[in-house]
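Novice: Please find one structure pasted underneath; my questions will follow.
The values are calculated or read from the model by the stated rules, or taken from the named source; none is laboratory data. Nothing here was measured: the structure is a model prediction, and the numbers come from that model. Heads up, the Cβs are rebuilt from the backbone with ideal geometry, glycines too, and the neighbour counts pull from every protein chain shown.
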């Protein structure tokens, strides 16, 4: 292949990502001429489903958007509606919601770190092939994920598409003993998570650093899950109600998912790396130590290292869950009642893959007039394309098959939940004579 | 005997396995529903000796075709539909095989699907196949055995 030859990297169905998508990269000579991350799942109809429904249905309807992060959807929904209706939740409910989130993070991060992402670094096509040589690793992953499942099952009423979260609290809250029963599993999970940090830190990472705008929630006292101001490393510091003043969604022809940009600046980065970089000081001491021992100090600008950051967040989630279990006392009432009024409410929570924005406008009977949902993957979509533009340029001399594999790996660093953003990735690299 | 219906209720024909499980429940037969793929499936059948799994499949056969396999035999060549959960039923079976976590008897029923877009409407052929597979499983339960086919 000469330097002037052009080629196309094409992945028709991206593997080991949640949902369906494809990637097209056109190389002209040594220049990357075009990058399109295509999401071809039909546009999501959830925002339209919500119109004319009572707000109490929003958490259960939106939780159906994603089988991996239903809790984040429920949490953004209840917080946004509570904000609209000025509902103050009890401290016990606040604790339970954070615990609920920890369960989801443990499930989701374990699935991604071990089953979806690790095979890339160890040179296996998938987790099954990896399991043949790394049986103990996969066994550990299944057990770790199960700890997360137990939390979600207890608080959600069932493992998938939980049904207990309500505006004002929960339909049912657990007893102290029920939470205490989780402690032994979580102590094991904490140890396993610290081992996960060490294990992932020993993987080989490509040398690929970018100057990202990281966007995440920031809270004065805690590592963010349910609340905080929205902040970035480029000076953004806003109330979540101002989100739409600073971010906009653009329709692009090649994708069914909308592209989000920071107004006036462009693509940005949400998810574990953004949270870690903006909230390192809020991690519990032992999680911070695990990160530093693994060679991680903010700002981490290499997206491939996000696998180690996810492992650090596993440590955090276990520590936080154990703290909550110790502190929890069941509330007198499982939820506080809300009073209807005409209002608009917005909320952002930290889904495993990054910030998830919900806005609801309600009428005097509590019916939803309009709803807006911006999932983390659609916010990262443009950033993924920007990464690929840079990364593909480093790969022009590589044989097509290897370049394609490398590009898929770069996409998986973001743990894209394409089913959330609208749905496997297909990759195309087009080489043309320059 | 543990009976597990897999799939995604929001994706048309992909709901087939779940609808079989629901039909069985209405008949008073205990059936599990699994919508989160691999890890969950292995978890659900842990400790069970006799397992039946039902899911929608895409093999190129006419829509509504029912196929039955002995899951313990050679690796599955038919892939389950593109799931939103990363790892599907075929992957769960193969992962369990590597980890020695396959039940001692594993019957898999696959219902050929056609449409997997968002929505609740199923192909009429799949609806008919759901009834037929539920009927077969009722027979399996009555006979207290898993008929290892294929």
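Novice: Which residues, counting only those in region A:218-245, are out of contact with any strand residue (DSSP E or B) (no Cβ under 6 Å at 6 or more places or on another chain) and either more than 29 Å from residue A:45 (Cα to Cα) or assigned to a helix (DSSP H, G or I) (or both)?
Specialist: Listed by number, the residues that qualify are A:219, A:220, A:221, A:222, A:223, A:234, A:235, A:236, A:242, A:244, A:245.
Novice: With (1) away from every other protein chain (no Cβ under 14 Å); (2) in a helix (DSSP H, G or I); (3) modelled with pLDDT of 95 or more as the list, and residue A:215 as the residue in question, which single condition is left unmet?
Specialist: Among (1) away from every other protein chain (no Cβ under 14 Å); (2) in a helix (DSSP H, G or I); (3) modelled with pLDDT of 95 or more, residue A:215 violates only (2).
Novice: Take the residues in region A:162-201 that are within 14 Å of chain B (Cβ to nearest Cβ) and surrounded by fewer than 20 Cβ atoms within 10 Å (Cβ to Cβ); name whichever of them is nearest to the chain's Cα centre (by Cα).
Specialist: Checking each candidate, the answer is A:163.
Novice: Taking residue A:385, is it modelled with pLDDT of 85 or more, closer than 30 Å to residue A:358 by Cα and more than 14 Å from chain B (Cβ to nearest Cβ)?
Specialist: So residue A:385 fits the description; yes.
Novice: Assigned to a helix (DSSP H, G or I) and modelled with pLDDT of 85 or more - does that describe any residue in region B:53-62?
Specialist: no
Novice: So, residue A:119, is that one over 26 Å from residue A:320 (Cβ atoms) and surrounded by 22 or more Cβ atoms within 10 Å (Cβ to Cβ) or not?
Specialist: In short, yes.
Novice: Might you check whether a residue that is touching a helix residue (DSSP H, G or I) at 6+ places or on another chain (Cβ under 8 Å), at pLDDT below 85 and part of a helix (DSSP H, G or I) occurs anywhere in region A:47-57?
Specialist: Yes, region A:47-57 has at least one match.
Novice: Given the conditions (1) within 13 Å of chain A (Cβ to nearest Cβ); (2) more than 18 Å from residue B:93 (Cβ to Cβ); (3) in contact with a strand residue (DSSP E or B) (Cβ under 6 Å, 6 or more places away or on another chain), which single one is not true for residue B:10?
Specialist: Here residue B:10 clears every test but (3).
Novice: Condition first: assigned to a helix (DSSP H, G or I) and at the interface with chain B (Cβ under 10 Å from one of its Cβ atoms). Now tell me which residues in region A:115-135 satisfy that.
Specialist: Answer for region A:115-135, where residues must be assigned to a helix (DSSP H, G or I) and at the interface with chain B (Cβ under 10 Å from one of its Cβ atoms): A:115, A:116, A:127, A:128, A:129, A:130, A:131, A:132, A:133, A:135.
Novice: For region B:8-42, what are the residues that are under 21 Å from residue A:142 (Cβ atoms) and in contact with a helix residue (DSSP H, G or I) (Cβ under 6 Å, 6 or more places away or on another chain)?
Specialist: Those that are under 21 Å from residue A:142 (Cβ atoms) and in contact with a helix residue (DSSP H, G or I) (Cβ under 6 Å, 6 or more places away or on another chain): B:32, B:33, B:34, B:38, B:39, B:41, B:42.
Novice: What single numbered condition from (1) modelled with pLDDT of 90 or more; (2) crowded, with 23+ Cβ neighbours inside 10 Å fails to hold for residue A:127?
Specialist: (1)
Novice: Can you spot a residue in region A:95-104 that is within 13 Å of another protein chain (Cβ to nearest Cβ) and part of a helix (DSSP H, G or I)?
Specialist: yes
Novice: Still on this model: Please specify each residue of region A:391-434 satisfying the condition of being in a helix (DSSP H, G or I), modelled with pLDDT of 80 or more and in contact with a strand residue (DSSP E or B) (Cβ under 8 Å, 6 or more places away or on another chain).
Specialist: Result: A:392, A:393, A:400, A:403, A:404, A:407, A:408, A:411.
Novice: Being more than 24 Å from residue A:318 (Cβ to Cβ), within 10 Å of another protein chain (Cβ to nearest Cβ) and either in a loop (DSSP other than H, G, I, E, B) or touching a helix residue (DSSP H, G or I) at 6+ places or on another chain (Cβ under 8 Å) (or both), is that true of even one residue in region A:143-155?
Specialist: Looking for residues that are more than 24 Å from residue A:318 (Cβ to Cβ), within 10 Å of another protein chain (Cβ to nearest Cβ) and either in a loop (DSSP other than H, G, I, E, B) or touching a helix residue (DSSP H, G or I) at 6+ places or on another chain (Cβ under 8 Å) (or both), one finds none in region A:143-155, hence no.
Novice: Give me the pairs: first residue in region A:51-69 and away from chain B (no Cβ under 14 Å) and at positive phi, second residue modelled with pLDDT of 85 or more and not in a loop (DSSP other than H, G, I, E, B), beta-carbon distance under 9 Å, and six or more apart or on different chains, which are they?
Specialist: A:52/A:367; A:52/A:368; A:52/A:369
Novice: Of the conditions (1) in contact with a helix residue (DSSP H, G or I) (Cβ under 8 Å, 6 or more places away or on another chain); (2) in a helix (DSSP H, G or I); (3) surrounded by fewer than 20 Cβ atoms within 10 Å (Cβ to Cβ), residue A:205 clears all except one; give me its number.
Specialist: Here residue A:205 clears every test but (2).
Novice: Do the conditions hold for residue B:107, that is, is it part of a loop (DSSP other than H, G, I, E, B), away from chain A (no Cβ under 13 Å) and either touching a strand residue (DSSP E or B) at 6+ places or on another chain (Cβ under 8 Å) or modelled with pLDDT under 90 (or both)?
Specialist: No: the conditions fail for residue B:107.
Novice: Name the one entry in A:10, A:83, A:4 that is modelled with pLDDT of 80 or more and more than 11 Å from chain B (Cβ to nearest Cβ).
Specialist: Result of the check over A:10, A:83, A:4: A:83.
Condition check ((1) crowded, with 18+ Cβ neighbours inside 10 Å; (2) assigned to a loop (DSSP other than H, G, I, E, B); (3) modelled with pLDDT of 90 or more) across all residues:
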| site | (1), (2), (3) |
| --- | --- |
| B:20 | yes, no, yes |
| B:23 | yes, no, yes |
| B:33 | yes, no, no |
| B:44 | yes, no, no |
| B:47 | no, yes, no |
| B:74 | no, yes, no |
| B:87 | yes, yes, no |
| B:92 | yes, no, no |
| B:95 | yes, no, no |
